[in-house]
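Data first, discussion second: the structure below is written as structure tokens.
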Protein chains: 2
Amino acid sequence: MSTETPQKDLRDLLAAEVRLAGYRPAHEVVDGLDELTYLHSGPPIDVYRPLPAPLVGAVAAGLLFEGAATTAEEAVAMTRDGRVRLMPCQDTNVAGPLTGLVTPRTPMVVVERGDGRLFCSPMHEGDDGGMRTGTYDVPTLERLRQVAEVVAPALNRAVLETPVPLRPVEMQISALRRGDECHNRNVASTLGLVFALAPALARLPEAAAVFDYFTRTTQHFIAISAAVAKAVADSIECSGPAGLVTAVGMNGQDFGIRVSGLDGWFRGPSPVGPMVALGGADITTASPGQGDSPIIETLGLGAFALSSAPALARTLGFSTDGSRELVEEMRQVCGCDSPVYGLPNQDFAPTPAGIDVVRVADSGVAPATTLGFLSRNLGAGRVGAGVIRMPMQPFLEARKALAPRVIGVDG
Amino acid sequence: MSTETPQKDLRDLLAAEVRLAGYRPAHEVVDGLDELTYLHSGPPIDVYRPLPAPLVGAVAAGLLFEGAATTAEEAVAMTRDGRVRLMPCQDTNVAGPLTGLVTPRTPMVVVERGDGRLFCSPMHEGDDGGMRTGTYDVPTLERLRQVAEVVAPALNRAVLETPVPLRPVEMQISALRRGDECHNRNVASTLGLVFALAPALARLPEAAAVFDYFTRTTQHFIAISAAVAKAVADSIECSGPAGLVTAVGMNGQDFGIRVSGLDGWFRGPSPVGPMVALGGADITTASPGQGDSPIIETLGLGAFALSSAPALARTLGFSTDGSRELVEEMRQVCGCDSPVYGLPNQDFAPTPAGIDVVRVADSGVAPATTLGFLSRNLGAGRVGAGVIRMPMQPFLEARKALAPRVIGVDG
């Protein structure tokens with residue numbers, strides 16, 4: 001935390017104004033990418049340990065997409081040979097769900113914070129899988145090219161030509177009333193976005209292609225929620241109180257957090273489950289967790305708003321009462337009530353927001369997150385989803401590192 | 001009830017297959033209309049009592065729309081002079097929310113039951129009011145013409161050109177998971193429909209106009225739910241057990257029901273409220289209730305599914321627990337559990353469905369319905385909405401009329 005910046009109230013930072021700015025290739029909005037330098041989710045990869053299979057598949061897809069490899073075999077070999085430099089999304093202005101793979105041409109959702117800074121997340125490629133899930137077959141590449149070359153440019157134009165401001169936070173607030181928790185269930189927010197863009201889209205020649213994309217991409221909005229969460233997390237990192245989670249994710253090796261007022265990542269092993277199978281997949285093949293999407297929980301969404309999404313809760317094994325109890329339990333680890341998000345099925349009580357390392361450590365309550373899991377069979381994609389608990393060790397270590405400052409403040 | 005038709009199980013009738021068939025002018029799908037013969041909601045109008053103001057306005061709008069009057073003054077005078085013959089929607093194949101006014105050219109949502117019979121409801125004209133709300137000013141007529149001449153034909157074409165079947169009941173089931181109760185909150189079902197039709201719509205030259213229509217008509221789907229409810233009510237009337245409500249509505253004079261196994265309408269005064277004001281309107285100007293939309297409750301939706309729609313429930317003064325208690329209370333008046341609709345916020349328990357006159361009379365519980373209220377100031381449109389109780393008297397009278405048969409069955 002810069003000592004020059006005056007510290008701001010967490011609630012004010014959580015109420016940051018963010019607008020949907022457009023859809024652009026990553027190299028236009030993220031620094032440091034090149035044909036062999038990509039982003040991934042979670043803390044930095046340990047190059048002395050094997051790359052998780054989903055990340056191998058995703059990097060291979062990226063190499064093929066960028067034209068840096070011409071066959072799948074070549075792409076996998078280049079990946080395993082360490083030819084691609086990998087950096088964490090969250091050490092830039094990106095949050096990347098699942099593998100979080102971002103190459104220079106990857107189509108990104110872009111949001112703009114009130115101060116003009118841009119934050120982004122790779123566009124969802126469709127409910128059938130994609131680079132994000134570690135598939136790298138021909139359909140994956142075809143979908144990715146269609147999204148990058150047709151869908152994203154048309155959506156970008158529709159955003160620019162929509163006369164009313166597109167406010168993702170308002171769309172999330174509406175979506176909570178329509179059964180999303182905005183992390184693993186995004187159909188309502190996606191439909192809300194489609195509805196808002198439809199008049200502008202209808203005037204474009206690519207309209208039918210874009211609507212076809214949405215028909216098979218009802219999770220589209222997760223990228224917008226991840227980008228919004230990254231924008232807010234960055235605000236907290238730059239000017240918030242100490243001890244709050246400002247980055248959180250898994251890379252398939254480790255789970256990690258960054259914490260305001262402290263440097264670097266605090267790490268522990270990536271958890272595997274609990275989860276339920278998706279579409280008959282074999283969850284015993286699940287690879288340890290991957291993805292930056294738990295950053296959405298820090299906003300007060302996802303598992304922290306599970307009671308808003310009864311259909312998802314049921315799928316993940318939570319009853320109506322059980323999902324409320326989870327939300328209430330999360331109040332023990334949070335810095336405040338969300339100033340923006342309400343829980344429709346709990347009389348619109350605010351969601352708990354802002355994960356506070358001291359409260360996690362002192363309560364012994366591990367923060368929860370909804371999470372999708374990928375197969376450790378190369379190229380096999382998604383296998384399950386669940387509500388998992390974050391490992392405690394990184395929180396305890398961060399708590400220890402914070403201790404002198406916290407004592408300083410308290411004393 | 002025809003004695004030739006074998007009696008079918010209520011649950012089977014409530015699970016009737018219905019598909020969205022299209023959008024067509026009323027004269028193509030409803031018998032008996034002409035330039036001076038229109039439909040209205042509720043039981044037959046008593047011509048010896050004054051016409052309720054919203055119906056005067058709606059009939060005036062209809063006369064102007066049909067070209068049977070050229071000025072608003074002339075239209076109102078013709079209406080008050082009794083120049084227009086009025087018939088109840090529900091005595092045909094129609095259910096009409098609010099005034100329920102249907103003229104020959106009125107654009108209708110059309111659904112087709114499994115046996116090929118068509119049922120319909122007047123299209124919603126927009127959240128700003130319209131003929132259905134008793135306005136008859138220039139914007140009302142402009143909107144109505146736009147809907148009839150541009151939006152409805154384009155939607156009809158989109159329905160025909162959508163390759164997948166459009167199943168309103170599946171859309172309702174999804175909408176319950178997205179915060180609709182499918183009577184007074186319809187935004188999720190409307191967005192679901194837009195999403196399903198968008199690929200076909202995008203290929204039509206009228207696409208932008210249709211999306212513009214939806215942007216100001218998030219209640220669109222109520223007409224589809226009303227038509228589905230009418231289709232099911234007709235099945236119960238034709239082949240269901242005796243003693244079930246097969247028509248229910250208000251005409252601004254009286255509330256009325258029809259009951260399977262009995263002839264004619266059972267009537268009592270139209271209730272006024274309780275209600276909350278909409279957009280700062282003065283609810284002391286509310287006209288007694290009008291509309292056939294409580295037919296939606298007989299399906300097991302609306303007030304019978306209020307816990308699914310927490311945002312609406314809150315607006316109407318119900319807490320999270322209060323809306324569940326209302327749903328549970330409605331089980332006392334219903335013939336069965338819905339075979340199709342579940343309550344996401346009550347662990348997906350089925351909604352109560354099929355209003356049973358004997359159970360109403362014996363429990364003393366008046367069935368509830370969500371309802372919009374109109375102003376008794378001519379042309380002033382909507383003023384409020386609420387959860388009201390249906391008058392008991394018609395149920396008690398129907399119970400009495402049923403008594404011999406019920407004793408016959410029991411004894």
Applying the selection to the stretch A:309-321, what residues are out of contact with any Ser or Thr (no Cβ under 8 Å at 6 or more places or on another chain) and among the polar types (S, T, N, Q)? A:315, A:319
Quick check on my filter: what residues within the stretch B:285-311 are within 20 Å of residue B:350 (Cα to Cα) and within 14 Å of another protein chain (Cβ to nearest Cβ)? B:305, B:306, B:307, B:308, B:309, B:310
So, in the stretch B:210-255, of the ones that are outside any helix (DSSP H, G or I) and among the hydroxyl-bearing types (Ser, Thr, Tyr), which residue ends up nearest to the other protein chains (Cβ to nearest Cβ)? B:218
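Taking the condition of a type outside the set (S, T, N, Q), within 25 Å of residue B:155 (Cβ to Cβ) and outside the structural domain of residue B:124 (by TED's automatic domain parsing), does residue B:58 pass?
No; evaluated as a whole, the condition is false for this residue.
Residue-by-condition table, conditions (1) in a strand (DSSP E or B); (2) more than 14 Å from chain B (Cβ to nearest Cβ); (3) more than 16 Å from residue A:282 (Cα to Cα):
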{"residue": "A:350", "(1), (2), (3)": "yes, yes, yes"}
{"residue": "A:358", "(1), (2), (3)": "no, yes, yes"}
{"residue": "A:366", "(1), (2), (3)": "no, yes, yes"}
{"residue": "A:377", "(1), (2), (3)": "no, yes, no"}
{"residue": "A:396", "(1), (2), (3)": "no, yes, yes"}
{"residue": "A:404", "(1), (2), (3)": "no, yes, yes"}
Counting only residues that are part of a helix (DSSP H, G or I) and either closer than 21 Å to residue A:22 by Cα or in contact (Cβ under 8 Å) with a residue 40 or more places away in the chain (or both), the stretch A:128-186 contains a total of 33
With respect to residue A:320, determine if the residue is surrounded by fewer than 19 Cβ atoms within 10 Å (Cβ to Cβ), of a type in the set (Ser, Thr, Tyr) and more than 30 Å from residue A:262 (Cα to Cα). no
Say whether the condition of being crowded, with 24+ Cβ neighbours inside 10 Å and part of a loop (DSSP other than H, G, I, E, B) is met by at least one residue in the stretch B:271-282. no
Of (1) hydroxyl-bearing (Ser, Thr, Tyr); (2) surrounded by fewer than 19 Cβ atoms within 10 Å (Cβ to Cβ); (3) within 22 Å of residue A:241 (Cβ to Cβ), residue A:338 satisfies all except one. Which? (2)
Filter the stretch B:130-157 for residues that are surrounded by 21 or more Cβ atoms within 10 Å (Cβ to Cβ), closer than 12 Å to residue B:381 by Cα and of a type outside the set (Val, Ile, Thr) and give the result. B:130, B:131, B:132, B:134, B:136
Which numbered condition residue B:164 fails, given (1) closer than 30 Å to residue B:69 by Cβ; (2) out of contact with any Pro (no Cβ under 7 Å at 6 or more places or on another chain); (3) among the β-branched types (Val, Ile, Thr): (1)
Identify the residue in the stretch A:198-209 that is buried (at least 24 other Cβ atoms within 10 Å of the Cβ) and under 18 Å from residue A:20 (Cα atoms) and, among all such residues, is farthest from the other protein chains (Cβ to nearest Cβ). A:201
Would you check if residue A:185 is within 13 Å of another protein chain (Cβ to nearest Cβ), farther than 25 Å from residue A:40 by Cβ, among the basic types (Lys, Arg) and out of contact with any Phe, Trp or Tyr (no Cβ under 9 Å at 6 or more places or on another chain)? no
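Given the structure, is residue A:170 within 30 Å of residue B:343 (Cβ to Cβ) and more than 10 Å from chain B (Cβ to nearest Cβ)?
Yes, satisfied.
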Among what's in the stretch B:331-346 and is in contact (Cβ under 8 Å) with a residue 24 or more places away in the chain and in a helix (DSSP H, G or I), pick the residue that is nearest to the chain's Cα centre (by Cα). B:333
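The values are calculated or read from the model by the stated rules, or taken from the named source; none is laboratory data. Given the structure is predicted, the values throughout are model-derived calculations rather than measurements. Cβ atoms come from the backbone with ideal geometry, glycine included; neighbour counts cover every protein chain shown.
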